[in-house]
Amino acid sequence: MAQQRHVHPTPETDSEVNGDDWYGRDFSGQTFTRIAFIDVVMTEAIGTGAAFEECSFKGAELNAAAFDSSAFVNCTFTRSSLFGTTFKGCKLIGTMFDNCRFGAFEVEGGSWSFVGLSGADLRQATFKDVQMREADLTGARLNDAVLRNLDLTGSWFHRADLSGADLRGSILTGLDPETTDLKGAIISLEQAVFFAEAIGLDVRAD
C-alpha cells in the first residue's frame, strides 16, 4: 500500500466475494460488513442508502457506478477502477485508496474526512461541497482538477500537484505553497490574501 498519513490496515474480513459479475447491480438500502470484494465487476452499479463497512475492494471495477447518500466507512480500495464513478452525499470517512484508477471521477457533498488519497491520479476529478478534513493528498496529482468549496482543514498536500486546479471556496489551511505546485491554480481574492500571508507578505487594504 502507498505511504499514507492515516494508516489503517486492510480490514479483517469475515467473508469474500471473488470474481463475481455484478454489472449494473442495485445496492440501494443494503448493508455489507467486513466483506472482501476481489476482482468483482460492479460497473454501472447504483445505490441509494447503501452501506459498506470495513470492506476491502481488490481489483474491483466500479466504472460508471453511481452512489447517492451511501457510506463506505473504513474501507480500502486497492488496484480498483473508478473511472466515471459518482458519489453524491456519501460518507467515506477513513477510507483508503491505493493504486486505483479514477479518470472522470465526481464527488458532490458528503464527508470524506480522514480519507487516504496519497499519490492518487485525480487530474480529471471533480470534488464539490465536500468535507475533507485531514485528508491525505500527499503527492496526489490534482492538476486541472475541480476542488470547489471543500473543507480541507488539516489536510496534507506535501508534493501534491495542484497546478491549474480550481480551488475557489475551499479551506486550505494545511497547504504550504512552498511544498505544493500551485502554478496556474484558480483561487478567490480571499484565498489570494491567505497565500500571500502564508509566504510572509504583509497584506494591507490601502
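The values are calculated or read from the model by the stated rules, or taken from the named source; none is laboratory data. Predicted, not measured: the structure shown is a model, and the values here were computed from it. With ideal geometry, Cβ positions are generated from the backbone for all residues, glycine too; neighbour counts draw on all protein chains shown. To get the accessible areas, we keep the full protein, side chains included, count just its heavy atoms, and leave off ligands, DNA and RNA. Shrake-Rupley method; radii C 1.70, N 1.55, O 1.52, S 1.80 Å.
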Check your understanding: Carbon-plus-sulfur fraction of the accessible area of segment 122-204, 1.4 Å probe, in percent?
Key -> 47 percent
Point to revise | Cα gyration tensor shape of segment 93-206, rounded if a/c is under 1.5, else prolate or oblate by comparing a/b with b/c | key: prolate
Review point. Do you know the relative contact order of the chain, to the nearest whole percent, from alpha carbon pairs under 8 angstrom that are 6+ apart?
Key: 11 percent
Check your understanding: With labels modelled as points extended 7 Å from the Cα through the Cβ direction, what inter-label distance (nm, one decimal) is found for Asn99 paired with Ala192?
Key -> 4.4 nm
Review point. With contacts defined as alpha carbon pairs under 8 Å and 6 or more residues apart, what's the relative contact order of segment 90-206 in percent?
Key: 17 percent
Review point. For segment 74-206, with only Lys/Arg (+1) and Asp/Glu (-1) charged at the beta-carbon, what is the dipole magnitude about the Cα centre, in debye rounded to 20?
Key: 520 debye
Point to revise | Solvent-accessible area per residue, Å², over segment 85-162 with all protein chains present [probe radius 1.4 Å] | key: 37 Å²
Revision key, fill the gap. Taking a ≥ b ≥ c as the square roots of the eigenvalues of the Cα gyration tensor, with a/c under 1.5 meaning rounded and otherwise prolate when a/b exceeds b/c and oblate if not, segment 8-113 is rounded
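Specify whether the C-alpha gyration tensor of segment 66-116 places it in the rounded, prolate or oblate class, a ≥ b ≥ c being the square roots of the eigenvalues: rounded for a/c under 1.5, otherwise prolate if a/b is larger than b/c and oblate if not. Working shown, then result.
Details: a/c = 1.99, a/b = 1.11, b/c = 1.79.
In terms of gyration-tensor shape, oblate.
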Practice item. Based on the mean of other Cβ atoms within 10 Å per residue, sort peptides 165-177, 12-24 so the most packed one is first. Key: 165-177, 12-24
Practice item. For Glu108 and Ile199, calculate 0.36 nm times their separation in residues minus their Cα-Cα distance, and state this gained length in nm to one decimal. Key: 29.6 nm
Study note, to complete from the structure: Of the residues Thr76, Phe195, Thr43, the Cα lying farthest along the dipole of the chain towards its positive end, which is defined by charges on the beta carbon of Lys, Arg, Asp and Glu, belongs to Phe195
Exercise for review: Taking the convex hull of the Cα atoms, report for segment 43-91 its projected area averaged over all directions, in nm².
Suggested key: 2.8 nm²
